[in-house]
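Have a look at the structure below, then the notes.
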Amino acid sequence: MLYPQTNAMRTKISLDGFWKFAPDYHNTGEEKQWYKGIPHDREIGVPASWNEQFQDLMYFFETGWYEKEIEVPKIVEGETIYLRFGSVHYLAKVWVNGEYVGEHEGAHLPFEFDVTNVIRCGQKNIITVAVDARLKADRLPPGQVQHEMIVGFKGQYPENNYDFFPYAGIHRPVMLYTVSSTHIKDMIIQTSTEDHKGIVDYTIFLNQAFNGEIKVTLDGEVYENIVVNNTDTICGQWIVSEPRLWSMEDPYLYTLAACLTQEGTTIDYYELKIGIRTIEIKDCKLLLNGKEIFLRGFGMHEDFPVIGKGMNHAVITKDFNLLKWMGANSIRTSHYPYSEEFLHYADAHGILVIGETPFVGFVKSHYTNPTIKEKVKKVIQEMITRDRNHPSIIAWSLANEGDTFVPEAEPFYKGMYDYAKSIDDTRPFTITNCIDVEEDVALQYFDFISINRYYGWYDQVGRLDMGCELLDKKLDRCYEIFKKPIIVTEFGADAMAGLHMDPAEEFSEEYQAEMVERQYNIIFSKPYTIGAHIWAFADFKTSQTPSRVVLNRKGLFTRERQPKLAAHKMKENWSK
Ligand code: GCU
């Protein structure tokens, strides 16, 4: 799915800003026909979660109704007009001028509707969105799975099955964009290299069959004039001699431009930034452009005060600035796909990304539920088709910490692996494990092993030596079992910023700093490890539970992005 852009042939109109808002406490707004005009009692900022914008919405998990009046310029009359949402948590129903245009289930990924026939050009229009944020066991990520709650999350409020706050609302940009009636619908770019040449395999999808030409340029250099004969799919390959490969040190992006013409008239135009690079696992190493790399970085969250999970360019900038300041080279989008804006920034600044699905905390009842299996396939398909052209995405994590010890998990995750691989066979796949690998029935099907371990924190409490010793032994055992590369995708400790203890004790900055540094060094010392991601980059909000002091405090930075002692220690460690 292409990210909308304004150019000679396309117009993009942002609908971000203040929207009217009405809480629908009993989820009856649709039968009361609120799409004809909502009984708003406030205005609210978009994009952002609604939870932290008003005290009475912090724990509001029913349906929130949004409404915005917009002017659409006359000049776009005759164009095809799409209404696009970057992410709405959780289930969105959309009306334009009181007419239903469609719905989408699932947050973290974009969706759009063709509104050409309902938008009135040169006049005022009303956009209405009903956002159902109820926590349910069959939603991804899952709400309460009462009878099978993982002990750690049992009884937390609100009752969700994962360790982050279930923010709700219109989380990412909303826009109208226009294209000609025949236009470029999507592009798939796959890059490889062969004896100093770059190879770009491309597929260009049009929205309908077309007769004409597509002129393709790479950094302005004409690569091909493709004659299109009554088809909607065009495939081909370019060879780039002496390519400037995309890397962490030099994240060079070529500008691939596709121009649709008919008898000399330009019909559509789209520019895609692409990176020529290769990623592969070979001899138990992770190779970027044929060179071994070690993934140093973090698990993160999209989480910031007041905006909650809302996309904010300044927060993205700050986070990447701090990743670079630390000397990190990679992150995992724990535990859901991050914004397109985040990934564009990663492409441009050379940070490697493990893209993760929102399948966190799955239990047995998920593995045996056909509805879940269908939803899982839909989300994988949406995530990969949205993100596959990003050079920064070097691998996919298809789940975080499910109950991978129950027999039903084996066919479930193997099926997931096979389905995802059938869509993208250019990147390695993993899932993250948190149980003893001796009992894991799913990891064996994946290309590399990801484990989350808290030796010396949840277990061996307060005994760092014991925790480090155990980590060392367990890593070797894990490799002995799987003989595949291993990344420790989570390790770390909570630290209350400003709390200092000597000797170091749990929740002190000293304990976190010592634990993270010693365990990082152990992981890095192993010949079969390909990465170590500290949990977590910054403190983040969770549901209320006795083990969380409002936030999960495992961040090396506070929620406001101020460094704790561990950040300084790891910056120094990574600079060596
Ligand atoms: C788990 C989980 C994280 C959670 C972390 C913790 O491994 O993947 O989402 O925040 O542990 O307990 O801090």
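The values are calculated or read from the model by the stated rules, or taken from the named source; none is laboratory data. Keep in mind that what you see is a predicted model, and the values were worked out from it rather than measured. Here the Cβ positions follow ideal geometry from the backbone for every residue, glycine too, while neighbour counts run over all protein chains shown. Side chains are part of the model used for accessible areas, which takes the heavy atoms of the whole protein and leaves out ligands, DNA and RNA. Shrake-Rupley method; radii C 1.70, N 1.55, O 1.52, S 1.80 Å.
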Would you please give the FRET efficiency between Asp472 and Glu69, computed as 1/(1 + (r/R0)^6) with r the Cβ-Cβ distance and R0 = 51 Å, to the nearest 0.05? 0.25
Given an 8 Å cut-off on Cα distances and at least 6 residues of separation, report the relative contact order of the stretch 1-71 as a percent. 39
Looking at the chain only, what percent of DSSP beta bridges run antiparallel? Nearest 5 please. 75
What FRET efficiency would be calculated for the residue pair Asn321, Thr28, taking the C-beta separation as r and a Förster radius of 51 Å, to the nearest 0.05? 0.65
Scanning the chain for helices, which whole DSSP H stretches are 18 Å or more long along the axis (Cα) and average -0.5 or more by Kyte-Doolittle? 313-326, 464-482
Percent antiparallel among DSSP beta bridges (both partners in the stretch 280-574, rounded to 5): 25
Using +1 on the beta carbon of Lys and Arg, -1 on that of Asp and Glu, and nothing else charged, what's the dipole of the stretch 11-179 about the Cα centre, debye to 20? 240
As an exercise, identify the trypsin sites (Lys or Arg not before Pro) in the stretch 389-492 lying in DSSP coil whose Cβ has no more than 16 other Cβ atoms within 10 Å. Arg463, Lys483
The alpha-carbon center of the stretch 37-64 and that of the stretch 380-413 are separated, in whole Å, by 32
Candidates per trypsin sites (Lys or Arg not before Pro) in the stretch 269-330, loop by DSSP, up to 10 other Cβ within 10 Å: none
How much of the accessible area of the chain, probe 1.4 Å, is carbon plus sulfur, in whole percent? 51
Pull out the extension gain between Gln444 and Cys284, defined as 0.36 nm times the separation in residues minus the alpha carbon to alpha carbon distance; nm, one decimal. 56.1 nm
Sum of -39500 (n - 2.57) over DSSP H runs of 4+, divided by residues of the chain (222 nm, nearest 500): -6000 deg cm²/dmol
Mean accessible area per residue over the stretch 360-502 (1.4 angstrom probe, all protein chains present, square angstrom) is 37
Full-stretch length increase - Thr371, Met248 - with 0.36 nm per residue and alpha-carbon distance subtracted: 40.3 nm
How large is the charge dipole for the chain, taken about the Cα centre, if only the Cβ atoms of Lys, Arg (+1) and Asp, Glu (-1) carry charge, to the nearest 20 debye? 360
For Thr231 and Lys154 in the same chain, what is the full-extension length gain: residue separation times 0.36 nm, less their Cα-Cα distance, in nm? 22.3 nm
Between Ile188 and Thr545, what is the FRET efficiency for a Förster distance of 41 Å, r being their Cβ-Cβ separation, to the nearest 0.05? 0.45
For Lys541, give me every one of the lysines with a C-alpha distance below 25 angstrom, ignoring sequence neighbours fewer than eight places off in its own chain. Lys136, Lys154, Lys309, Lys318, Lys324, Lys554, Lys564, Lys569, Lys571
Evaluate the relative contact order of the chain (contact order divided by residue number), counting alpha-carbon pairs under 8 angstrom at least 6 apart; express in whole percent. 12
Express in Å², to the nearest 10, the accessible area of Lys571 obtained by rolling a 1.4 Å probe over the protein heavy atoms while all chains stay in place. 70
Among the GluC sites (Glu not before Pro) within the stretch 210-271, which fall in a DSSP loop and have no more than 12 other Cβ atoms within 10 Å of their own Cβ? Glu249, Glu263
Rounded to the nearest Å, the spacing of the alpha-carbon centers of the stretch 303-335 and the stretch 501-551 is 18
Show Val72, Val315 ordered by accessible area, largest first, where the area counts protein heavy atoms only and the probe is 1.4 Å. Val315, Val72
